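The values are calculated or read from the model by the stated rules, or taken from the named source; none is laboratory data. Worth saying up front: this structure is predicted, and the values here are computed from it rather than measured. Using ideal geometry, Cβ is built from the backbone for each residue, glycine included, and neighbour counts are taken over all protein chains shown. Just so you know, the surface numbers come from the protein's heavy atoms only, side chains and all, with ligands and any DNA or RNA stripped out. Shrake-Rupley method; radii C 1.70, N 1.55, O 1.52, S 1.80 Å.
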Amino acid sequence: MTDSNRLKTIATQVRRDILRQVYNVQSGHPGGSLGLADYLTALYFHLMKHNPSNFTMEARNEDVFILSNGHVSPVFYSVLARSGYFPVSELSTFRLLNSRLQGHPATHEGLPGVRVATGSLGQGLSVACGMALAKKLNQDDNTVFVVTGDGELQEGQIWEAVMYAAHNKLDNMIVAVDFNGQQIDGSTLDIMGFDEIGSKFASFGWEVMYMDGNNMDEILATIPQARAKQGNGKPVVIVMKTEMGMGVDFMMGTHAWHGKAPNAEQFEKAMAQLPETELGDF
Amino acid sequence: MKKFEVTAQKDTRSGFGAGLLEAAQSNENIVGLCADLTGSLMMDGFQKAFPHRFFQVGIAEANMMGLAAGLATAGKIPFTGTFANFSTGRVYDQIRQSIAYSDKNVKICASHAGLTLGEDGATHQILEDLGLMKMLPGMVVINPCDYNQTKAATLAIANHHGPVYLRFGRPKWPVFTPDNQQFEIGKALMLNEGSDVSIFATGHLVWKAIQAGEMLAEKGISAEIINIHTIKPLDAEAVLNSARKTRCVVTAEEHQINGGLGDSIAQLLVRNMPLPVEMVAVMDSFGESGKPEELLTKYHLDAPDVVAAAERAIARKS
């Protein structure tokens, strides 16, 4: 099986995990999670150098991933578990009392793979900049990967970090903006959006790239190009077009599934669109 | 009443600057971040000695707290520096989520706290910071009383793993604690043993409590004076032991009456040993421009106010 096909199979299983987690507890954020399944699968199963069996907070000599839009925790937990940070069976505890899989990712319960609590939007990029600084201090030339939401760009702290990263030449950071155009109350353009995200980052001095975040082959081609820019003195942003709800037809093209769990009938209908894989459900 | 010799007049922020430089000399993991106030925070010594470990973040305090969280994640020991106002209220959610809840080893170092900031006025005179910070689970909150103690506290927090809020101030202030003292986080310091009233003071007001103790002694009142340099964790044993003996309590702080040291001590006493408590604090108001001593007088945070509070507390004893 080619890398791309293997990763597509894993992404399908990740989507099944997302729906099952959210359905089990009738709570969580399936829409954005489904949209990010391909990119996070590509990162955790192919692109990132990381060490799931020996997780360290410090992440010396390995790549780092920071999920700034922490509400898409179901996709994050799925790729962490499936890549070996913790048992896949633990996905069944998502959002339950006494679980390490908190509603939004947190370090407090000691879940391997999570390095900072996120979900209060706008904060993850700053933390990632701090990790990128530390890597430079430690002469560690690995990469800090970040995902932020597009609605999240409405937070002022994002632009503090964008300015800082450019001024301080944090070229060991690749930020993917999850450009799905949706947020809780509707379309980002209606609420407080701008249609050209890339030019904003470019004007701050970032290297801007574009990618279809739901096209595995494009992801696999783009990230090595982004990495190749490391050392050029500019942080890299990838305006990553995704479809909220990707993989489940009735969850796509709307913000309705941002933070809503499917009922039994909807769950069956959704799962029927995502074929079982040899990896098996949790 | 024990005599305290004033050896110098120095600002507590300079104690922080000296402590940071010294701590950094023996620990290469220490890094400094400052939001465009390097000179005000007295971080320039550190900046000159360790330019590659100093990060100028510009006027962007929220980002500074996130950067610090990220550096701490990677094993560094970040000391952030800005005014107390911008170290707490402005960035409360960043501290809560990215630092406190995420268990990050960040030292939030905050100058120009309280009324003694002076002429800049209420926009910059935060009087709510101790309360904000002590409410965060796991946060250590320290408010040392003079230059020497601030330097010692800075050295101590470098060796403490976990988030810390270190509060200090702008004005030159009497130095009366020993040079090169050991600072034990969470350990209250007995300054004067007494029998009639316990005065628990923190920060700049420790000196006012000492002055008040001398005035009370002239009136034949024996005041026990204890320096609570660590608001959290509170030295409950020291507080209760003293209160058990004197049966009435005064608290003194450069902070709002709501949320500060007085609240912490009152809560402890209510739960263990209900006794009269009088609080010397700012009474639910904002400050204003003026000279530090003028402001302490106007807002009733001066030595005579501590004396009056002690007399009220004693009168309430059953």
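Here are some notes:
- Filtered residues of region A:252-272 (kept if within 22 Å of the chain's Cα centre (by Cα) and either within 20 Å of residue A:91 (Cα to Cα) or not aliphatic (A, V, I, L, M) (or both)): A:253, A:254, A:255, A:257, A:258, A:259, A:260, A:261, A:262, A:270, A:271
- Annotation note: of A:209, A:246, the sole residue that is open to solvent by 10 Å² or more (accessible area, probe 1.4 Å) and under 16 Å from the mean Cα position of the chain (by Cα) is A:246.
- Residue ID - farthest from the other protein chains (Cβ to nearest Cβ), chosen from residues in region A:119-133 that are over 14 Å from residue B:65 (Cβ atoms) and not in a helix (DSSP H, G or I): A:121
- Matching residues, region A:136-163, being open to solvent by less than 10 Å² (accessible area, probe 1.4 Å) and facing chain B (nearest Cβ under 7 Å): A:161
- Taken as a whole, the condition of being under 26 Å from residue B:68 (Cβ atoms) and at pLDDT 95 or above does not apply to residue B:226.
- Looking at A:122, A:156, just one residue is farther than 24 Å from residue A:47 by Cα, touching a helix residue (DSSP H, G or I) at 6+ places or on another chain (Cβ under 7 Å) and not polar (S, T, N, Q), and that residue is A:122.
- Pair list, Cβ under 8 Å, 6 or more apart: region B:45-71 residue basic (Lys, Arg), other residue open to solvent by 10 Å² or more (accessible area, probe 1.4 Å): B:53/A:137; B:53/B:28
- Residue in region A:250-258 that is hydroxyl-bearing (Ser, Thr, Tyr) and surrounded by 15 or more Cβ atoms within 10 Å (Cβ to Cβ) present: no
So that you can scan it fast, the table gives a plain yes or no per residue for (1) open to solvent by 20 Å² or more (accessible area, probe 1.4 Å); (2) in a loop (DSSP other than H, G, I, E, B); (3) of a type in the set (Ser, Thr, Tyr):
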residue	(1), (2), (3)
B:86	yes, no, no
B:92	yes, no, yes
B:102	no, yes, yes
B:127	no, yes, no
B:130	no, no, no
B:152	no, no, no
B:162	no, yes, no
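- Residues satisfying the stated conditions in region B:24-39, i.e. touching a helix residue (DSSP H, G or I) at 6+ places or on another chain (Cβ under 7 Å) and either within 11 Å of residue B:79 (Cα to Cα) or open to solvent by 30 Å² or more (accessible area, probe 1.4 Å) (or both): B:24, B:27, B:30, B:31, B:32, B:33
- When restricted to residues that are within 12 Å of chain B (Cβ to nearest Cβ) and more than 21 Å from the chain's Cα centre (by Cα), region A:167-199 contains 2.
- One residue from B:75, B:66 being open to solvent by 10 Å² or more (accessible area, probe 1.4 Å), over 22 Å from the mean Cα position of the chain (by Cα), of a type outside the set (Ser, Thr, Tyr) and within 10 Å of another protein chain (Cβ to nearest Cβ): B:75
- Residue among A:101, A:91, A:97 that alone is away from chain B (no Cβ under 14 Å), in contact with a helix residue (DSSP H, G or I) (Cβ under 6 Å, 6 or more places away or on another chain), among the aliphatic types (A, V, I, L, M) and part of a loop (DSSP other than H, G, I, E, B): A:101
- Those residues of region A:89-99 which are crowded, with 18+ Cβ neighbours inside 10 Å and closer than 20 Å to residue A:50 by Cβ, in sequence order: A:91
- Test result for residue B:77, in contact with a strand residue (DSSP E or B) (Cβ under 7 Å, 6 or more places away or on another chain), touching a residue at least 24 places away in the same chain (Cβ under 8 Å) and closer than 17 Å to residue A:116 by Cα: yes
- Scanning region A:18-33 finds one or more residues that are touching a Gly at 6+ places or on another chain (Cβ under 8 Å), closer than 29 Å to residue A:132 by Cα and at pLDDT 95 or above.
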